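Participant: Attaching a single structure in structure tokens format; questions to follow.
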Amino acid sequence: MCGIQILIERVEVGAQDDACASVWTDLTLINSRRGPDAHGEVTATLPNGETQINLKFGAHVLHLRGSHTQKQPMEDTESGDIFCWNGEIFGGLEVDSSDNDGALLFDLLLRTKAEDPTDFIARVFSRIEGPYAFVYFDREQRRLWFSRDYLGRRSLLVNKSRPDTLFISSVACSVEGEEPPVDDNGGWVELAAQVIYCMDLGLDTSAELFGSFAEYAWSYSEENKAGGYLTLPFGQVALVSGDADPVVSDTLTDYRLEDLAQFQHIDAWQPYIDGLEEALARAIRARVMSIPDRGAGVPRVGILFSGGVDCITIAALLARILPPGEPVELFNVAFENPRQTSSTKQNIYDVPDRKTGRSGWLELCTKIDTQRDWRLVEVDVPYGLVQEYQAHIRQLLEPSATVMDMSIGMALWFASRGEGWLMKRSGSSIERQEEYH
């Protein structure tokens, strides 16, 4: 997952805002942790009467696609257009395993723009499937386009708390402005995923530069009667299953668990079960097979592993997709419960997810793929460590701030460090083998 950061400010000719420079440094630090493989910055200046508009683009790359690391921001030497990309393309554009999807997409945008300078953004992104966030600067028309995919699978935030200044970033940081924050998130607002935004930087000096953005809403192709270009690359989810008669009546929710056994072996279910399994396998294959090989015995894929049905299903499908013998890391995170007294005989990390994680790991090792190196890594998080990093993780999650956001975010953050205890089987017992990182 890459990091994007943009600064647009209107200043007196030749002037520079030191406060903005400080915020830019903070954004660089936190975004660079999202993309450790390559970093880049590009600047542009637009005359604006007695003032000028300064633009600064920063990008940080996590290399997941292609045979080489594609440095960003990408800039076209002929047109001067600039493109920042944080995403993965799974449909709508042919991407070979040796290709970088961001570079291919930028090339497609430039070629489409040559044919249609007005609607090229809509025409291209109407065919792109996958999670993404992007920023595109059209230098000739002095327009800044930015958005994230319709399902909101990549973050992109904006901050307008300082006058005549706009920040766009994958993650938030503290911004001290002259205007009061619009909410409790320090002025950061997550962009709605249902539109593509366009900012006109060709306005005269008297105009409110950051007052509002033009919004181009997505629509399903069957709803787009006017024939506009901005249509979603997928159709609506069907509310009914075609003309097929339902196997179970609408009173299914009234059945008790023991009553559902009668439906387990109905042949009519099988096409739907097979279809779901194939759809999940196709989605996982698209996400993992393009990850560059790191050498024999070095895992490419890790799973946040609680032993629940979701992560067990992902692991089982990975066993069919990855080459035989390729190791897979399973990170099981357990938090110390401060209410657990020291006098208890129970291990303070023997929480439900730890127990189900071990059971699921044994299932993978003994039944699902006995030849694969399933590396169960137990991550113990002391309560003191939670307190130490809680504020930092909360800032990374902004503007999301619910209890569930924090619970999932903290588990992901501690798992992503890749540090814990590697487990081994010893007969019928499970033991800690060595520290793992």
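Participant: Taking the Cα centre of the chain as the origin, how large is its charge dipole in debye, to the nearest 20, when only Lys and Arg (+1) and Asp and Glu (-1) carry charge on their Cβ atoms?
Facilitator: Values: 39 positive and 67 negative charges, 289 e Å.
The calculation lands at about 1380 debye.
Participant: Find the centroid of the Cα atoms in region 404-435 and in region 23-56, then give the distance between the two in whole Å.
Facilitator: Distance between centres, Cα-based: 37 Å.
Participant: Ok, one more. Grab the alpha carbons of the chain, take their convex hull, and tell me the volume per residue in Å³.
Facilitator: Once divided by residue count, the hull of the chain is 205 Å³.
Participant: Right, another one. Applying the Karplus parametrisation 6.51 cos²θ - 1.76 cosθ + 1.60 with θ = phi - 60° to the phi angles of region 51-61, what ³J(HN,Hα) value in whole Hz is obtained for each residue in order, glycine and proline being reported as x?
Facilitator: For region 51-61, the Karplus-derived couplings read 10, 9, 9, 9, 10, 9, 10, x, 9, 9, 9 Hz, x marking Gly and Pro.
Participant: Per the 1.4 Å probe, what fraction of the accessible area of the chain, in percent, lies on carbon and sulfur atoms?
Facilitator: On the chain, the fraction of accessible area on carbon and sulfur atoms equals 50 percent.
Participant: Just read off the accessible area of Tyr150 with the full protein assembly in place, 1.4 Å probe, to the nearest 10 Å².
Facilitator: We get 60 Å² for Tyr150.
Participant: Now, a different point. Across the chain, how many lysine pairs separated by 8 or more positions, or lying on different chains, have Cα atoms within less than 19 Å?
Facilitator: Within the chain, the lysine pair count is 6.
Participant: In addition: Mind listing the phi-derived Karplus ³J(HN,Hα) values for region 150-164, rounded to whole Hz, using 6.51, -1.76 and 1.60 with θ = phi - 60°, and x for any glycine or proline?
Facilitator: These are the phi-based 3J(HN,Hα) values: 4, 8, x, 8, 10, 7, 7, 10, 10, 9, 10, 6, 9, x, 6 Hz.
Participant: At 1.4 Å probe size, with every protein chain present, just tell me what the per residue accessible area of the chain comes to in Å².
Facilitator: On a per-residue basis, the chain sits at 53 Å².
Participant: Tell me the relative contact order for the chain as a rounded percent, counting alpha carbon contacts under 8 Å between residues six or more apart.
Facilitator: 11 percent
Participant: What is the set of long-range amide H partners of Cys2 at a cut-off below 5 Å, with H atoms built 1.01 Å from backbone N?
Facilitator: Long-range HN contacts for Cys2: Leu62, Gly87.
Participant: Scan the chain and report its longest stretch carrying no GluC sites (Glu not before Pro) that are both in a DSSP loop and have at most 12 other Cβ atoms within 10 Å.
Facilitator: My reading of the result: 224-437 is the longest stretch.
Participant: How would Ser426, Ser170 line up by accessible area, probe 1.4 Å, largest first?
Facilitator: From most exposed to least exposed: Ser426, Ser170.
The values are calculated or read from the model by the stated rules, or taken from the named source; none is laboratory data. In this text the structure is predicted, and so the values were computed from the model without any measurement. Note that each Cβ is placed from the backbone with ideal geometry, even for glycine, and that neighbours are counted across all protein chains shown. Each accessible area value is taken on the protein alone, full model and side chains, heavy atoms only, with ligands, DNA and RNA left out. Shrake-Rupley method; radii C 1.70, N 1.55, O 1.52, S 1.80 Å.
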